[in-house]
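The structure appears right after this line, and notes come after that.
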Amino acid sequence: MSIRVLLADDHPIFLQGMKVLLEPEKFDVVGLASDGRQAVKMAEKLNPDVVILDLAMPLMNGLDAAREIGKISPKIKKILLTNYTDEQYILDALRAGVNGYLVKTKAAADLIQAIHEVSRGALYLSSGVSRELLQAYLENEASRVNPLSGREREVLQLIAGAANKQVAAELGISIKTVEKHRQQLMDKLDIHETAGLVRYAIRRGVIQP
């Protein structure tokens with residue numbers, strides 16, 4: 001049986017490029033999503049074998065989408081596409097249940113192998129990712145937990161990347177409530193200015209710099 005794949009990326013040309021790359025290799029591309037929320041909804045509806053997620057997507061980033069898809073079905077394998085090889089990004093991805101971490105510059109060469117490996121239950125990391133440093137991070141930080149819930153990370157992504165009016169419209173709440181959410185996040189993270197909230201979101205891979 002062919003492997004059923006769902007693709008998620010907010011760049012249409014890259015999305016179509018992945019589709020063109022995979023279909024001749026007998027993969028069944030069952031859907032295309034342009035943001036993280038759409039990817040979660042399509043994963044629930046289509047139940048693919050593998051979901052390929054761009055890290056930097058609007059509405060919900062690939063990391064949080066991977067978490068939500070894992071809640072829907074632990075059997076769905078998740079591959080994260082990113083431009084970053086920083087250990088913190090990789091560690092956060094693994095904690096989110098990602099099965100493959102693929103650097104975009106190597107995606108054309110590695111994507112097919114990555115899909116096959118994660119489908120067999122293996123972990124796939126791009127060649128630019130240091131497994132030794134990764135293991136050290138896993139050992140040293142195993143007890144550390146992201147203090148924010150999934151909903152709080154979703155709100156943080158919006159607040160750190162958009163104006164209050166836009167966030168209010170997206171969430172269907174008042175600007176005053178947006179300001180309250182911002183203050184609650186800052187209090188919880190012990191951050192005292194909005195710029196610090198943005199820096200935190202970048203470090204945790206919630207938004208891209």
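In the condition set (1) modelled with pLDDT under 95; (2) open to solvent by 40 Å² or more (accessible area, probe 1.4 Å), ASP49 is compliant with all but (1). Consider ARG4 carefully, then state whether it is touching a residue at least 40 places away in the same chain (Cβ under 8 Å), among the charged types (D, E, K, R) and open to solvent by 10 Å² or more (accessible area, probe 1.4 Å). The answer is yes for ARG4.
If the condition is being touching a residue at least 24 places away in the same chain (Cβ under 8 Å) and not hydrophobic (A, V, I, L, M, F, W, C), then the range 105-125 contributes HIS116, SER119, TYR124.
Checking the structure you have, find out if any residue of the range 18-37 is among the aliphatic types (A, V, I, L, M), open to solvent by 10 Å² or more (accessible area, probe 1.4 Å), closer than 19 Å to GLU154 by Cβ and not in a helix (DSSP H, G or I). There is no residue in the range 18-37 that is among the aliphatic types (A, V, I, L, M), open to solvent by 10 Å² or more (accessible area, probe 1.4 Å), closer than 19 Å to GLU154 by Cβ and not in a helix (DSSP H, G or I).
A count restricted to the range 97-106 and to residues that are open to solvent by less than 10 Å² (accessible area, probe 1.4 Å) and of a type in the set (Gly, Ala, Ser) stands at 1. The residue that is surrounded by the most Cβ atoms within 10 Å (Cβ to Cβ), counting only those in the range 71-96 that are of a type in the set (A, V, I, L, M) and under 20 Å from GLY121 (Cβ atoms), is LEU80. Counted as qualifying within the range 62-179 are the helices (runs of 4 or more DSSP H) with 3 or more residues that are at pLDDT 90 or above and in contact with a strand residue (DSSP E or B) (Cβ under 9 Å, 6 or more places away or on another chain), namely 62-72, 107-119.
The values are calculated or read from the model by the stated rules, or taken from the named source; none is laboratory data. Since the model is a prediction, treat every value here as computed from it, not as a measurement. Quick reminder, even Gly has a Cβ in these numbers, built from the backbone with ideal geometry, and neighbours come from all protein chains shown. All accessible areas refer to the heavy atoms of the entire protein, side chains included, with ligands and DNA or RNA removed. Shrake-Rupley method; radii C 1.70, N 1.55, O 1.52, S 1.80 Å.
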